[in-house]
Amino acid sequence: MYEFEIQNMTCGHCASTVEKAIKAADPEASASIDLAARTAKVETRNDPAAIKTAIEKAGYPSSFKQV
């Protein structure tokens, strides 16, 4: 599991966009978005850097750590 810190995620639409980006990078990923904390916890078997790239292509700078 990885926790992504997502900058500029300020509303429900932003959270939805981030979730769609995660699913586009890995359709089998499980994502839990916390809008207030501006984080996403993602369970994936794929490279987390690919998910980070997808989130950033959607317009949200991010960083991640393994949890």
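Laboratory data are not the source of any read-out in this text; all were calculated from the coordinates shown. What you see is a predicted model; the values in this text were computed from it and never measured. Because the Cβ atoms are built from the backbone with ideal geometry, glycine has one as well, and the counts that use them run over all protein chains shown.
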- In nm, spacing of pseudo-spin labels at Arg45 and Gln7 (7 Å Cα→C-beta vector): 3.4 nm
- Reported label for calculated Cα Rg over 2.2 N^0.38 Å given (1) 0.93; (2) 1.78; (3) 1.37: (1)
